[in-house]
Each structure stands twice: as C-alpha cells, then as structure tokens.
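What follows is a single structure, written as structure tokens, with notes after it.
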Amino acid sequence: MHDHPIQQQIEYYRARAAEYEEWFFRQKRYDRGPELNRQWFVEVAKLRSVLRHFQPRGHVLELACGTGLWTQQLVRYADRVTAVDASPEALELNRARVRSKHVDYVRADIFNWRSEARYDLVFFSFWLSHVPPDCFESFWRLVRSCLHEHGRVFFIDSLYEPTSTARDHRLNAPQSATVTRRLNDGRVFDIVKIFYKPAELEASLKALGWSIKVESTGHYFLYGNGGVAIKPELGEKNERTLLAPFSSRGLGKPAHSGAGAKCECAA
Ligand SMILES: C[S@@+](CC[C@H](N)C(=O)[O-])C[C@H]1O[C@@H](n2cnc3c(N)ncnc32)[C@H](O)[C@@H]1O
C-alpha cells in the first residue's frame, strides 16, 4: 500500500468497490434500523429531486463517478456523460449498471489529470470531502478549467452524522480531516474525510470566485450548485473566508492539511 493519502484513498476505494454500495443502500454494517434508514432514503430522494429540478443537461463531467449510483441519474438528463474515476473496479461496476452508449469512461487520478474538453456541468458526489485541504484550491481550479464560460457545478456530500457510517466505524471529532475505515475483510485504511458545514463551504467557494449555494437535506447530506461568480475573482481570495472550513481543524491554512497530505496534484 502507498503512504501518500491520495494513493491510499485510491487503494482503499479499489479494494472497497465491490462492497461500496452496502453503505448507500444501508445494508449489513451500514443498516441503522428502520427509522434511520427511512430518514436516509428520504434524504436521498430529496437529492434526486433537487438534481432533477437542476436539470443536468448537455455534456456532463462526473468526477469520481464510482459505481454509478449518480451516473445513472445524470444519464437520464444529459446528452453525454464523461465519467472519471481512479478505480478500474468501480468503473467496471459503473459500466455494468448504467449500460449507456452516452457515457464515456476515463480511468485517471483526478489530482494528476487535465481535461481537454470543456463541459456544461461538472458533477461530483461524495468526493469533495476526500479532497485534502491542501488540494482544495487546486481542485477548484481544475473544476473551473473543465467548464464552459457559463458552465455549472453540482455536488453532493456528507454532513457530519455518526450514523452515516458503518456500525463498527467511529467518526473522529467533526473538525478532524481523516477517518479510519474498515473493509468487510478486516483491512483498515485511514483516509481524508472533511465534513463541511454548508455556510462555511459556501463562503470558502465565494472567496475563490464561485457563486455556489450550499444546502443541507437535514441530517445526512449537503449539496451545492452554481457556477463561477459573474465577476470572477479567482486568485484574489479572501484568506479569512477561504480558511473557514480549515481553521476549525487547527489548520492554519489549506497548505497544512492535518491529514499528512502535501498537495502534489497537477491542478
Ligand atoms: C466516496 S466514493 C464516491 C463515488 C460516487 N461518486 C458515489 O457518489 O457513489 C469516492 C470515489 O472516488 C474515487 N477516487 C478516490 N481517489 C481518487 C482519485 N485520486 N482520482 C479519481 N478518483 C478517485 C474512488 O475510486 C471512488 O469511486
């Protein structure tokens, strides 16, 4: 296994691909009982409804597409989806689920990838929380570089909620930048996981020149949508606002992730 957190995450999700959806479908170790499961699926339905109203049209780039839980939603509305992930196992499962000639698959490490095309929408679900704080800014530069002038962004992620994860996982304090995850075979991985608060995340994105509204579904999820602010001030960031999600983690600035990750991304 590689030491660098970005490589470790890739290894972790490759090893987890076949059991990944147990989390989403609240099965086995992720089954939290009827009441909490019901709450989860109500919020998943809310996300699907928000996405439907958002109308993800045109050519969509899905980053960290995984096994296709959201690719199959996007392909209902988009003309084409380009789906990127570092895990060949996840891409294979995605292909098998979605079975659409309107989806192109790209195996790549997002932190070392450049898009040659420009898209109408960049979508990512349960991905931003795995971007090391060090790479936050460069990741958003990558997103910007993938968009047409009036392109849009839609993302979904986790709120800090201990019942979101497996019964045998313990979340660290909300301000931590990592979680310890166990696979069904007992292997253990430490990965980056940042639990953003919607208002803080919205402010950080604003400081990077984005106009993105970030909202909560209540208990389990946050989602954001928008685009580049009308007068983009990319690069002229307001340090205080940009640091908001990180300062509470004792991270003086994004350049110090607390997750041991020094950004080596090409973005
Ligand atoms: C939490 S899963 C989310 C999958 C999918 N978006 C979903 O909502 O079900 C994170 C995904 O990121 C992928 N991933 C992890 N590190 C990556 C990297 N550096 N580059 C590209 N994909 C990566 C994993 O293979 C995994 O499919």
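Of the set (1) under 15 Å from the mean Cα position of the chain (by Cα); (2) away from the ligand (no atom under 15 Å from the Cβ), all apply to Ser176 but (1).
Among Val60, Val75, which is closer than 20 Å to Ala108 by Cβ and in contact with a Ser or Thr (Cβ under 6 Å, 6 or more places away or on another chain)?
Val75 is the lone residue from the list that is closer than 20 Å to Ala108 by Cβ and in contact with a Ser or Thr (Cβ under 6 Å, 6 or more places away or on another chain).
For the range 1-23, a residue qualifies if it is in a helix (DSSP H, G or I), over 17 Å from Trp127 (Cβ atoms) and within 11 Å of the ligand (Cβ to nearest atom), and exactly one does: Ala15.
Residue selection: Arg38 fails the criterion of being away from the ligand (no atom under 13 Å from the Cβ) and in contact (Cβ under 8 Å) with a residue 40 or more places away in the chain. Criterion applied to Cys146, Cys135 was being within 11 Å of the ligand (Cβ to nearest atom), of a type outside the set (Gly, Ala, Ser) and surrounded by 21 or more Cβ atoms within 10 Å (Cβ to Cβ), and the one residue passing it is Cys135. Only one of the numbered conditions (1) assigned to a loop (DSSP other than H, G, I, E, B); (2) within 12 Å of the ligand (Cβ to nearest atom) is violated by Arg26, and that is (2).
The single condition among (1) modelled with pLDDT of 95 or more; (2) buried (at least 20 other Cβ atoms within 10 Å of the Cβ) that His219 does not satisfy is (2).
Here are some residues: Ser211, Ser164, Ser145, Ser129. Which one is within 16 Å of the chain's Cα centre (by Cα), polar (S, T, N, Q) and at pLDDT 95 or above?
Details: Ser211 fails: within 16 Å of the chain's Cα centre (by Cα); Ser164 fails: at pLDDT 95 or above; Ser145 fails: within 16 Å of the chain's Cα centre (by Cα).
The match here is Ser129.
Looking only at the range 58-101, count how many residues are assigned to a strand (DSSP E or B) and within 11 Å of the ligand (Cβ to nearest atom). Residues flagged as assigned to a strand (DSSP E or B) and within 11 Å of the ligand (Cβ to nearest atom) within the range 58-101 amount to 5. Within the range 172-203, the residues that satisfy the criterion of being without any contact (Cβ under 8 Å) to a residue 12 or more places away in the chain and either in a strand (DSSP E or B) or of a type in the set (A, V, I, L, M) (or both) are Ala173, Thr180, Val188. All of (1) modelled with pLDDT of 95 or more; (2) crowded, with 18+ Cβ neighbours inside 10 Å hold for Tyr77 with one exception: (2).
Of the residues making up the range 108-132, those that are more than 20 Å from Tyr223 (Cβ to Cβ), more than 12 Å from the ligand (Cβ to nearest atom) and in contact with a strand residue (DSSP E or B) (Cβ under 9 Å, 6 or more places away or on another chain) are Ser115, Ala117, Arg118.
Within the range 82-101, residues that are of a type in the set (Gly, Ala, Ser) and at pLDDT 95 or above reach partners that are in a strand (DSSP E or B) and near the ligand (Cβ under 9 Å from one of its atoms) with beta carbons closer than 9 Å, at six or more positions or on different chains, in the pairs Ala83/Glu62; Ala83/Leu63; Ala86/Arg107; Ser87/Arg107.
The values are calculated or read from the model by the stated rules, or taken from the named source; none is laboratory data. Owing to the predicted nature of the structure, the values given are computational and were not obtained by experimental measurement. As a convention, Cβ positions derive from the backbone with ideal geometry for all residues, glycine included, and neighbour counts pool all protein chains shown.
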